[in-house]
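This report concerns only the one structure given below.
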Amino acid sequence: MPPGRYTRAELLAQRGAAVPDLLPADGDERPVRLLLAGINPGLWTAAAQAHFAKPGNRFWPALHRAGITPRLVDPRAGMPDADREALLDAGIGITNLVPVATARADELSADELRAGAAGLVRLVERVRPAVVAILGLTAFRQAFGRPRALAGHQADGLAGAELWVLPNPSGLNAHETTDSLAAAYAEAARAAGVRCGS
């Protein structure tokens, strides 16, 4: 198989696998301004060991369209070192509510989502980002027990960070386009002090 292509068996073997957070290493003084939290890794992401790696996911095109990344990141075969460093230099971190991979986010149980919320709070307390953006309204409502929450800026914050709930970039989220995702992500990035645009 060429790099960044996986057989069905290779993908199915990723169920339950974890993907490391994209964060500064211990002792690295670079601050995290914007912590982007996906719902959980997909199987392709787990195989590549790089966030939002599945072709068709609009996360990286939306970040590029928003001007958050200077070029389009292609993590299908793993996160290129230069892109990882550029993200960290810009103050961007990436994590997930639930660390284990599934084929679809709707396979997660309510208990897994609630445990993920508690884990995210602990991570935010440790990393101390200026802004946390959770990418998925339905998952946020379930994880944090807020069934009436609306997308956008959340007045109460999260563990001392400003909190935004933004659209999920999965291709399964047909309500959003790359342009609408880019606009939402840019708003949170500007709130975090992350430079958008050239």
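The values are calculated or read from the model by the stated rules, or taken from the named source; none is laboratory data. Nothing here was measured: the structure is a model prediction, and the numbers come from that model. For neighbour counting, all protein chains shown are included, and Cβ atoms are generated from backbone atoms with ideal geometry for every residue, glycine included.
For region 1-57, the set of residues classified as part of a loop (DSSP other than H, G, I, E, B), surrounded by fewer than 12 Cβ atoms within 10 Å (Cβ to Cβ) and free of Cβ contacts under 8 Å to residues at least 60 places away in the same chain consists of MET1, PRO2, THR7, ALA25, ASP26, GLY27, GLU29, PRO55, listed by residue number.
Per-residue answers, yes or no, for (1) under 24 Å from HIS64 (Cβ atoms); (2) among the aliphatic types (A, V, I, L, M):
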| site | (1), (2) |
| --- | --- |
| LEU150 | no, yes |
| ALA155 | no, yes |
| VAL165 | yes, yes |
| ALA174 | yes, yes |
| ASP179 | yes, no |
| ALA183 | yes, yes |
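Number of residues in region 40-65 that are over 24 Å from THR7 (Cα atoms) and under 15 Å from the mean Cα position of the chain (by Cα) equals 4. Only one entry in LEU123, LEU113 is within 18 Å of ASP28 (Cβ to Cβ) and not in a loop (DSSP other than H, G, I, E, B), namely LEU123. Listed by first and then second residue, the pairs with beta-carbon distance under 6 Å, at least 6 apart or on different chains, first residue in region 58-74 and touching a residue at least 12 places away in the same chain (Cβ under 8 Å), second small (Gly, Ala, Ser) and in a loop (DSSP other than H, G, I, E, B), are GLY67/GLY197. For first residues located in region 171-184 and over 16 Å from LYS54 (Cβ atoms), partners that are in a helix (DSSP H, G or I) and basic (Lys, Arg) and lie 6+ apart or on another chain with Cβ distances below 6 Å form the pairs ALA182/ARG65.
Among the residues of region 73-95, the one identified as of a type in the set (A, V, I, L, M), touching a helix residue (DSSP H, G or I) at 6+ places or on another chain (Cβ under 7 Å) and modelled with pLDDT of 95 or more is VAL73. With respect to (1) without any contact (Cβ under 8 Å) to a residue 24 or more places away in the chain; (2) assigned to a helix (DSSP H, G or I); (3) of a type outside the set (Gly, Ala, Ser), the lone exception for PRO147 is condition (2).
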